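Below: one structure, written as structure tokens.
The values are calculated or read from the model by the stated rules, or taken from the named source; none is laboratory data. These numbers come from a predicted model, not from an experiment. Positions of Cβ are backbone-derived with ideal geometry, glycine not excepted, and every protein chain shown enters the neighbour counts. In case anyone asks, the SASA skips ligands and DNA or RNA and just uses the protein heavy atoms, side chains included. Shrake-Rupley method; radii C 1.70, N 1.55, O 1.52, S 1.80 Å.
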Amino acid sequence: MRLKTSDSLIGVAFITPAATLFLLLVAYPLFQSILISFSAINTMTLKGHYVGLANYLDILQDQEFWRTLVNTLIWTAGSLVLQVLLGVGFALLLHRAFPGRALARSLVLFPYLLSTAVAVLVWRWLFNDLYGILNYGLVHIGLIERPIAWLSRMPEAMISVILVGAWKFFPFVVIALLARLQTIPLQLYEAARIDGASAVARFWDITLPQLSGVLAVVVLLRSIWDFKEFDLVYLMTGGGPGIGTQTLPILVYREAFPQLHLGKGAAIAVVMLLVMLVFMLLYLRQSARGDER
Amino acid sequence: MVSVRYQHLHKAFGDGSVALQDFSLEVADGEFLTFLGPSGCGKTTTLRMTAGLETPTSGEIFFGERPVVDLPPGRRNIAMVFQSYALYPHMTVQQNLEYPLRKQGVARDERARRATALAATLQLDALLHRRPKHLSGGQQQRVALGRALIREPEVFLLDEPLSNLDAELRTQMRAELIQLHRRIGRTMIYVTHDQVEAMTMSTRIAVMSKGELQQVGTPLEIYREPRNRFVAAFVGSPAMNFVEGGIELRDGRAVFRAAGLEVALPDARSARLAGLARASGVLAGIRPEHLSLEPGSGEGRVLVVEAMGHEDIVTAETPAGRIVVRSAGTATAAAGDLVPLRVDPEKLHLFDAASGERLAC
Amino acid sequence: MSGRRALRLRRRLLRVAADLTTWALVLAVAFPLFWMLGTSLKPSAETFALPPTLIPAHVTFEHFRTLLFETPFPTYFLNSVIVATGTTLLVIVVSLLGAYSVVRFRYRGRRLAAQMVLFTYLLPAVVLLLPLYLILASLGLVNSLLGLILAYTTFAMPFSLWLLRSFILAMPIDLEEAAMVDGASRVEAFLDVVVPQALPGIISAALFSFILSWNEYLYALVFNRQDHTKTLPPGVITMLQQNTNTEWSLLMAASVMMAVPVIVAFVFLQRHLTSGFGAGAVKG
């Protein structure tokens with residue numbers, strides 16, 4: 001394309017609205033976030049002063065922070081593993097031709113598009129200790145003797161949150177894999193067949209290697225998103241019982257709002273960002289590689 | 001009606017690669033000029049600079065007396081047919097044809113009238129309300145041509161417009177383009193890497209390589225007197241044979257000599273070549289059609305015979321290297337045969353082996 | 001002969017068994033959705049019946065009526081519509097221009113811009129939560145729908161930019177060049193050729209922006225605490241927390257109502273799902 005001044009002016013004009021919104025709503029807040037993390041500020045009065053690294057030192061000595069970090073890792077890993085297993089399984093099932101496939105795909109994808117608030121309401125109703133159908137069913141088939149209070153006991157609460165997280169987010173894995181499965185050339189399978197590969201061998205030698213690139217990207221993306229997930233965990237248990245299912249985003253929210261420690265909340269958010277930066281850089285690298293291809 | 005003049009045109013890209021170097025050329029008013037060369041030779045870049053889609057790093061382009069480098073494409077009064085046709089996929093054939101007129105502010109009725117009239121001459125009348133993707137390759141080609149014709153531009157630019165057509169359609173479209181040019185008489189600049197297209201359609205051909213103009217001339221000039229080794233090798237099919245050797249004077253007569261090959265040059269050329277006699281460093285170019293399987297110049301062992309029906313393409317191994325011969329007739333040789341070779345001395349091209357330039361003769 | 005027939009029969013049986021298993025698993029995944037719908041249509045008494053009825057014995061729409069006429073639900077719903085629509089319109093215009101600029105123009109910082117977009121796309125909402133709160137407070141936009149729209153652009157814009165970028169990247173530049181040769185200016189070429197071509201991408205980006213904004217909870221919870229500016233997700237959760245005796249059938253009715261626009265969007269989206277989702281969300 002031409003390199004005329006009038007031309008690059010149009011280019012700059014076109015990017016300006018997006019850049020402005022980005023600077024105002026992302027870059028500047030991010031910068032401010034770091035500033036706040038070095039101060040003690042009351043969330044209500046917004047009055048405060050510079051305290052240096054005090055917030056960070058405070059966090060590092062705080063038992064609750066470490067417990068929350070561990071919780072976050074358990075939630076992220078547990079839910080991620082289930083999402084990938086369910087995702088791969090359903091992608092393969094839904095890739096086959098069978099009667100009503102389009103409808104089946106829609107049904108499976110739907111939880112992902114549903115508001116987390118709705119998903120949580122439905123599951124809390126299913127998990128309800130007195131009238132929930134889950135307890136009723138489990139008692140009925142004799143797996144448990146009496147109804148369980150799923151969301152107010154450990155480790156049941158964490159298990160429940162992980163299960164609901166897996167249910168809500170595994171369709172993302174399915175969509176990504178289905179898109180990729182469609183692009184695997186049929187000739188590969190035909191060639192393998194001629195070479196005498198069984199169905200199982202074809203899965204291991206063709207399908208899985210072909211999926212590995214997308215799978216890597218999906219795992220990175222989902223671990224980033226699960227790590228920062230607030231809505232689902234907070235709405236399921238509020239972080240309880242006690243701080244049994246409290247994850248880092250919930251801690252940020254609690255410090256900043258109910259407890260009014262804006263500075264400390266910001267410091268936790270910054271620490272969170274630092275942890276995630278590793279994954280984000282990995283993802284950026286992976287997607288740059290994808291771009292080259 | 002306008003001529004196109006390139007003056008010391010130079011184009012370098014941001015990454016430092018040079019696409020065009022000191023390119024000067026005048027395309028006469030009403031001429032059909034073809035830029036011919038392999039991909040990456042700068043022909044498309046030159047065309048795009050003519051269109052205003054690229055800006056030269058330095059140099060100037062004139063349409064008639066008017067410098068155009070600073071004009072946007074839409075104000076140069078040109079039309080361009082793209083290799084991909086670039087038909088607007090969301091518009092019907094009629095809307096595609098009308099688009100240039102719409103941008104000129106032509107009234108709706110007038111637009112429709114001209115589009116319909118043009119469609120009739122291009123045999124597109126039945127397709128006016130179709131979208132491009134529902135057309136065959138040949139039909140898309142016609143629409144692209146129609147969109148170029150409708151605004152009656154001063155200069156037509158065609159960027160490999162036939163390369164996506166099948167062989168039969170390509171031949172047919174070549175004939176139609178020749179007729180079209182004759183009918184409207186506008187200046188046309190055509191870009192191709194296909195020498196057949198260049199030879200059959202052009203008034204003149206500009207052969208390009210590595211960003212430099214190699215030779216400009218009529219198709220016959222290019223074929224008969226290639227200025228250097230590149231032009232000689234690029235034009236002609238099968239490609240010219242090259243044999244390295246020397247020129248020696250024998251009884252006042254110039255003789256080209258290579259390993260196992262000798263061609264005595266005709267008298268007229270001998271005189272001019274006398275001063276160039278040397279033992280080596282001469283490259284002889286021999287077109288396959290100027291060789292025959294007769295005694296005279298040397299001999300070779302046949303490797304492959306490709307029977308075309310009316311002639312054989314014979315590849316033979318000689319001490320001077322592999323030589324391809326177009327041998328008229330059927331079953332003129334068989335693999336393994338030792339065959340005599342005769343070069344038509346009138347048609348022998350001589351180049352300096354080091355520079356590749358044609359030797360004066 | 002009978003050997004081959006037996007083999008064919010066995011294959012067919014295997015196929016039917018696989019189909020049935022697939023559907024059983026699909027229905028298991030979708031069960032919560034059916035249960036939501038079922039509960040919303042049951043009379044309150046039947047909600048607590050043991051054993052639970054899978055299909056309502058008596059179908060009633062009383063909960064939907066209660067929801068619409070006796071709760072603030074309609075206000076929440078309207079607020080959500082305004083916020084999601086506003087976010088979508090703003091984000092689509094801004095990111096379409098931005099994506100085109102990033103793909104087609106060369107200027108300093110262009111690559112950086114693309115990287116920033118991806119970075120923002122991954123940025124946790126909770127990191128921006130506190131400073132955004134301060135900014136909106138200083139602009140007087142806390143407890144306003146406009147404030148929420150601005151906050152939602154922080155995630156909807158990078159997403160749309162990225163998705164539209166990959167759409168425009170895949171678009172042949174020939175068409176714009178043809179338009180310019182045909183007499184269009186750069187901006188006209190954009191409007192006449194690029195925008196219509198990008199339409200599937202625009203639709204996908206718009207639907208996703210709408211769904212993301214429609215569903216968002218955290219910013220809505222923190223920024224808009226007053227009832228008249230609340231959107232659906234925090235609003236409905238408030239309804240859950242307010243009553244000591246949780247009315248599950250009412251909440252399920254609310255859930256169904258919240259899901260309806262998503263279902264509508266989804267039906268539109270389906271055609272573009274693999275292209276849009278695949279291009280924008282997965283492949284970087």
Task: 1.4 Å probe accessible area per residue over segment A:173-225, in Å² - done: 49 Å²
- [ ] Starting from the alpha-carbon convex hull of segment C:14-122, give the projected area averaged over all orientations, in nm².
- [x] 13.9 nm²
Open item on the list: Bin width 10 Å, origin at 0, all Cα-Cα pairs of the protein assembly as shown: what percent of pairs per bin?
Closed with: 2, 9, 15, 16, 15, 13, 11, 8, 5, 3, 1, 0, 0
Task: Carbon/sulfur fraction of accessible area - the protein assembly as shown, other protein chains in place, 1.4 Å, % - done: 60 percent
TODO: Output the relative contact order of chain C, whole-number percent, from Cα pairs under 8 angstrom with separation of 6+ residues.
DONE: 30 percent
Open item on the list: If you restrict to DSSP beta bridges whose two residues both lie in segment B:4-234, what percentage is antiparallel, to the nearest 5?
Closed with: 50 percent
Task: Dimensions in Å of segment B:241-352 - Rg and Dmax from alpha carbons - done: 14.3, 44
Task: Net charge of neighbours whose Cβ lies under 12 Å from the Cβ of B:Leu101, counting Lys and Arg as +1 and Asp and Glu as -1 - done: +3
Task: Unit Cα scatterers, Debye sum, segment B:305-353: log10 I(q)/I(0) for q = 0.25, 0.29, 0.30 Å⁻¹ - done: -1.03, -1.19, -1.22
Task: Accessible area in the full protein assembly, largest first, 1.4 Å probe, for B:Phe351, C:Phe61 - done: C:Phe61, B:Phe351
TODO: Over every pair of different alpha-carbon atoms in segment B:38-125, take the mean of 1/r and invert it; report that Kirkwood radius in Å.
DONE: 15.2 Å
TODO: Please state, to two decimals, what the Cα-based radius of gyration of chain C comes to when divided by 2.2 N^0.38 Å (N = residues).
DONE: 1.30
- [ ] Considering only protein heavy atoms, with the full assembly of protein chains and a 1.4 angstrom probe, order C:His58, B:His10 by accessible area, largest first.
- [x] C:His58, B:His10
Task: Per residue, in Å², the accessible surface of chain B once ligands and nucleic acids are set aside, probe 1.4 Å - done: 43 Å²
Task: Computed Rg/Rh of chain B, alpha carbon atoms with Kirkwood Rh - done: 1.07
Task: Rg to Rh quotient for segment A:26-87, alpha carbon positions, Kirkwood Rh - done: 1.18
Task: Kirkwood Rh in Å, taken over segment A:168-256 so that all alpha-carbon pairs contribute - done: 16.0 Å
TODO: Normalising by the residue count of chain A, find the relative contact order in percent from Cα pairs under 8 Å and 6+ residues apart.
DONE: 28 percent
Task: Amide H within-cut-off set for B:Leu303, under 5 Å, with H built and near neighbours excluded - done: B:Thr315, B:Ala316, B:Glu317, B:Gly336
Task: Alpha carbon Rg of segment C:14-69, scaled by the compact-globule rule 2.2 N^0.38 Å - done: 1.52
Task: Kirkwood hydrodynamic radius of chain A, from inverse mean 1/r over distinct Cα pairs, in Å - done: 22.6 Å
Task: Along each principal axis, Cα extent of segment A:33-183, largest first, Å - done: 66, 49, 26
- [ ] Calculate for chain C the 222 nm mean residue ellipticity that helices alone would give, adding -39,500 (n - 2.57) per DSSP H run of length 4 or more and normalising by residue count, nearest 500 deg cm²/dmol.
- [x] -23500 deg cm²/dmol
TODO: Give the relative contact order (percent, whole number) for segment B:186-326; include only Cα pairs under 8 Å separated by 6+ residues.
DONE: 17 percent
TODO: Would you list, by chain and number, the lysines whose Cα falls below 22 Å from the Cα of A:Lys264, excluding same-chain residues fewer than 8 positions away?
DONE: A:Lys47, A:Lys228
Open item on the list: Based on Cα coordinates alone, diagonalise the gyration tensor for segment C:153-207, multiply each eigenvalue by 5, take square roots, and list the semi-axes in whole Å, largest first.
Closed with: 24, 10, 9
- [ ] Taking a probe of 1.4 Å and counting only protein heavy atoms, give the total accessible area buried between chains A and C in Å², rounded to the nearest 100.
- [x] 8600 Å²
